[in-house]
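The values are calculated or read from the model by the stated rules, or taken from the named source; none is laboratory data. These numbers come from a predicted model, not from an experiment. Cβ placement follows ideal geometry from the backbone for every residue including glycine, while neighbour counts extend to all protein chains displayed. Quick note on the areas: whole protein, heavy atoms, side chains included, nothing else; ligands and nucleic acids left out. Shrake-Rupley method; radii C 1.70, N 1.55, O 1.52, S 1.80 Å.
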Amino acid sequence: MKKNIALVMGGYSGEHDISIASGNQVYGQLDHGKYNVYKIVIDRAGWYWLAADGEHRPMDRGDFTVMDAGQKIRFDLAFIIVHGNPGENGVLQGYFDMLGIRYTTCGFYTSSLTFHKGYCNPVVKNFGLVKVAESVLLYSEPDSQALDMLRSRLKLPVFVKPAAGGSSVATTKVKSDDQLLSAIKEAFGEDHAVLVEECIVGREFDCGVFRKADGEKLVFPITEIIPKGGHEFFDYEAKYQGFSNEVTPAECDERISNHIQDVSSKLYDLLGCRGIVRFDYIHDTAADELYFLEVNTIPGQSAESIVPKQARAMGIQPAELYEMSIQAALV
């Protein structure tokens, strides 16, 4: 009998549309002869099943079911592709845990920890595998005294970003003191906590990791992110509007590539990750030091996203990767 798969996309954050693009890409790659795949869209206006005819059909959030041709459809698995809230921060995972529905991502605790940069960074730093930039976590807009504290602890330039967010939404590179407060206010518009972090100058690298159903761990070839068109870092436009070159495999010294893969593999286990995960870093070329940036527990899966490119460089096509993800979640 064909298993029922809920392909969950959308969400409540600024990454909603990116999630829809990722979800549609995954939908086109899944084996519909093997699975009954339902697009479930999470939206602030409500959750719904996006049927093949484009109609928004209701779903029961009490037990996460839909009605199809007079039959109540219960799902064997949730393929979560919701970037940001509530898919990447553990909220959906806790919901599915209570309902006894398996899912393709990290569990509740890992998702919650890794999504909040202010909490995750000290944990990663404590592992001693990789450096972490100096930062200050804010829970309210700073007064003059708090701004003075920031200036004394951190050296410009700094990055100001929502502590729990993705896709570089509301992230600003601050080069002068007069830009700091406005950048903080913008970040607070996206999240209740804001991270102000010293800028590390160097090359940006990403590395995907995935553990298969049989326990084999795949550590993908690394990607170098090279912003272009006046973009100084991998911001929203650079990620989604073509203002970057993404070189896979990265053209760098094999020693650096091996180190990034080794650190990513170890962090995957130490943080208790499951499913497809991407780790982001900056390599300080002057000091020859690797700095941790963040963990993406639900990385983008659109046609031009980083992890699918890494998988293809390893000889794994997206359809195969998503099938492996489903099988790993069903074990």
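Here are the numbers:
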{"read-out": "Lone unmet requirement of (1) out of contact with any strand residue (DSSP E or B) (no Cβ under 9 Å at 6 or more places or on another chain); (2) assigned to a loop (DSSP other than H, G, I, E, B) for Gly94", "value": "(2)"}
{"read-out": "Scan of the stretch 82-110 for residues that are aliphatic (A, V, I, L, M) and farther than 23 Å from Leu270 by Cα, ordered by number", "value": "Val82, Met98, Leu99, Ile101"}
{"read-out": "Complete set of residues in the stretch 212-269 that are more than 30 Å from Leu330 (Cβ to Cβ), acidic (Asp, Glu) and at pLDDT 95 or above", "value": "Glu224, Glu251, Asp253, Glu254"}
{"read-out": "Pairs, first closer than 20 Å to Tyr119 by Cβ and of a type in the set (Gly, Ala, Ser) in the stretch 256-275, second open to solvent by 10 Å² or more (accessible area, probe 1.4 Å) and not in a loop (DSSP other than H, G, I, E, B), C-beta under 6 Å, six or more apart", "value": "Gly272/Thr110"}
{"read-out": "Elements of type strands (runs of 3 or more DSSP E) in the stretch 1-73, at least 3 residues being on the phi > 0 side of the Ramachandran plot", "value": "none"}
{"read-out": "Qualifying positions in the stretch 111-143 - farther than 16 Å from Lys266 by Cα, among the charged types (D, E, K, R) and either touching a residue at least 12 places away in the same chain (Cβ under 8 Å) or touching a His at 6+ places or on another chain (Cβ under 8 Å) (or both)", "value": "Lys117, Glu134, Glu141"}
{"read-out": "Complete set of residues in the stretch 108-118 that are in contact with a helix residue (DSSP H, G or I) (Cβ under 6 Å, 6 or more places away or on another chain) and open to solvent by 10 Å² or more (accessible area, probe 1.4 Å)", "value": "Phe108, Leu113"}
{"read-out": "The stretch 16-63: number of residues that are aromatic (Phe, Trp, Tyr), open to solvent by 30 Å² or more (accessible area, probe 1.4 Å) and farther than 16 Å from Gln301 by Cβ", "value": "2"}
{"read-out": "Test set (1) in contact (Cβ under 8 Å) with a residue 12 or more places away in the chain; (2) at negative phi; (3) hydrophobic (A, V, I, L, M, F, W, C) - Ala146 fails condition number", "value": "(1)"}
{"read-out": "Selection count, the stretch 213-228, where residues are basic (Lys, Arg) and either more than 21 Å from the chain's Cα centre (by Cα) or buried (at least 20 other Cβ atoms within 10 Å of the Cβ) (or both)", "value": "1"}
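So that you can scan it fast, the table gives a plain yes or no per residue for (1) under 25 Å from Ser111 (Cβ atoms); (2) more than 17 Å from the chain's Cα centre (by Cα):
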| site | (1), (2) |
| --- | --- |
| Thr297 | yes, no |
| Gln301 | yes, no |
| Ile306 | yes, no |
| Arg312 | no, yes |
| Glu320 | yes, yes |
| Ala328 | yes, yes |
